[in-house]
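Worksheet for the structure shown next.
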Protein chains: 2
Amino acid sequence: MPESPWDIYLRNCPCRDVLDLLANKWTALVLGALSRRPHRFGELRRAVGGISQKMLTQNLRALERDGLVTRTVFPTTPPTVEYALTERGSSASKLLMAVSEWSVANFDGILESRKGYDSRVMEPVG
Amino acid sequence: MPESPWDIYLRNCPCRDVLDLLANKWTALVLGALSRRPHRFGELRRAVGGISQKMLTQNLRALERDGLVTRTVFPTTPPTVEYALTERGSSASKLLMAVSEWSVANFDGILESRKGYDSRVMEPVG
DNA sequence: CGGAATCCACTACGATACTG
DNA sequence: CAGTATCGTAGTGGATTCCG
């Protein structure tokens with residue numbers, strides 16, 4: 001079995017830019033936060049932690065464009081904007097939550113692996 | 001319930017660089033290919049499609065360092081190097097395969113969403 | 001508050017050439 | 001074949017400033 005049709009399809013398919021959105025540094029964290037409840041912009045920024053306003057804006061725009069989150073503006077002063085998951089975003093978030101949890105669960109083992117690798121690769125330099 | 005302990009933990013935890021590895025443009029594709037069978041370098045490059053040799057090398061090193069793939073060198077000429085999943089890599093690949101499949105399954109709907117978004121955002125310019 | 005716009009450093013990444 | 005090394009470019013992403 002040299003190659004499955006699925007592989008070939010995925011490799012040639014423009015849908016890979018969807019995968020790129022999900023496999024983004026921030027997407028898992030953003031969707032994870034929104035999966036618990038809708039957030040306002042600044043609130044979401046704090047919830048994610050470490051993301052600049054620019055990146056968060058960019059990510060949210062992409063997510064909104066692809067129909068994973070909704071953006072609702074309340075005409076108050078100062079402005080209030082609320083981001084929430086759509087049905088589609090919710091289903092994506094479930095997958096990405098699993099990935100996040102895997103990261104946490106396997107972190108210790110991975111640290112061990114790194115130690116071994118680094119000591120093997122970086123021979124004594126003196 | 002303002003914030004779960006899990007959120008706080010994930011936000012402050014260095015394990016986020018593990019998430020960064022998984023949420024990488026290429027990781028899902030590489031692990032996906034390796035999940036079917038071990039691959040040699042060039043073979044893997046073709047299987048993934050569109051990745052430069054440099055990027056593939058970098059990714060494989062990171063994956064090896066974190067104990068997700070093994071790298072086996074056979075002292076033949078020309079050299080043969082085989083990459084395969086570890087137990088840990090296999091468990092990660094299962095999650096990422098689900099993400100890939102989600103991308104394929106939701107691609108059409110997402111395209112629709114984009115069309116709507118773009119026509120809404122980009123007003124007639126003339 | 002929730003952005004958009006500008007500036008700028010960094011580095012990601014591809015193309016090319018060379019090695020074992 | 002499976003890399004490493006070097007270079008150049010294009011984009012990522014932070015800091016800052018300004019606006020509704």
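The values are calculated or read from the model by the stated rules, or taken from the named source; none is laboratory data. The model shown is predicted, which means the values in this text are computed figures rather than measured ones. Here the Cβ is made from the backbone with ideal geometry for all residues, glycine too, and neighbour counts use every protein chain on show. Heavy atoms of the whole protein, side chains included, go into the accessibility calculation; ligands, DNA and RNA do not. Shrake-Rupley method; radii C 1.70, N 1.55, O 1.52, S 1.80 Å.
Local charge for B:Arg40 was computed over the other residues whose Cβ lies under 14 Å away, with Lys and Arg +1 and Asp and Glu -1, and equals +3. I'd like the carbon and sulfur percentage of the solvent accessible area for the range A:14-122, probe radius 1.4 Å, heavy atoms only, ligands and nucleic acids excluded. Heavy-atom surface of the range A:14-122 belonging to carbon and sulfur, 1.4 Å probe: 56 percent.
Note on the range B:67-116 and the range A:69-126: Cα centroid distance 18 Å, given to the nearest whole angstrom. In this label model, B:Tyr117 and A:Asp118 are separated by 3.8 nm, measuring between points 7 Å along each Cα→Cβ vector. With a sphere of radius 15 Å drawn around the Cβ of A:Ser113, what net charge do the other residues whose Cβ falls strictly inside it have (Lys, Arg +1; Asp, Glu -1)? That works out to 0.
Karplus-derived 3J(HN,Hα) values for the range B:56-64, using 6.51 cos²θ - 1.76 cosθ + 1.60 with θ = phi - 60°, are 4, 4, 4, 4, 5, 4, 4, 5, 5 Hz; glycine and proline are entered as x.
With the Cα gyration tensor of the range A:34-77 giving a ≥ b ≥ c as the square roots of its eigenvalues, does the rule (a/c under 1.5 for rounded; else a/b larger than b/c for prolate; else oblate) give rounded, prolate or oblate? Rounded. Residues A:Ser100, A:Ser90 ordered from highest to lowest accessible area at a 1.4 Å probe: A:Ser90, A:Ser100.
Other residues whose C-beta falls under 12 angstrom from the C-beta of B:Thr80 contribute a net charge of 0, scoring Lys and Arg +1 and Asp and Glu -1.
If the chain linking A:Glu43 and A:Tyr9 were pulled fully straight, counting 0.36 nm for each residue of separation and taking away their Cα-Cα distance, it would gain 8.3 nm. Working value for chain B: equivalent-ellipsoid semi-axes of 34, 23, 13 Å, each the square root of 5 times a Cα gyration tensor eigenvalue, largest first.
Only helices enter this figure: runs of n ≥ 4 DSSP H residues, each worth -39500 (n - 2.57), summed and divided by the residues of chain A, yield -19500 deg cm²/dmol at 222 nm to the nearest 500.
Put simply, chains B and A cover up around 5200 Å² of each other's accessible surface, both sides summed, when a 1.4 Å probe is used.
Entry note, the range A:14-122: relative contact order of 27 percent, from Cα contacts under 8 Å with a spacing of 6+ residues.
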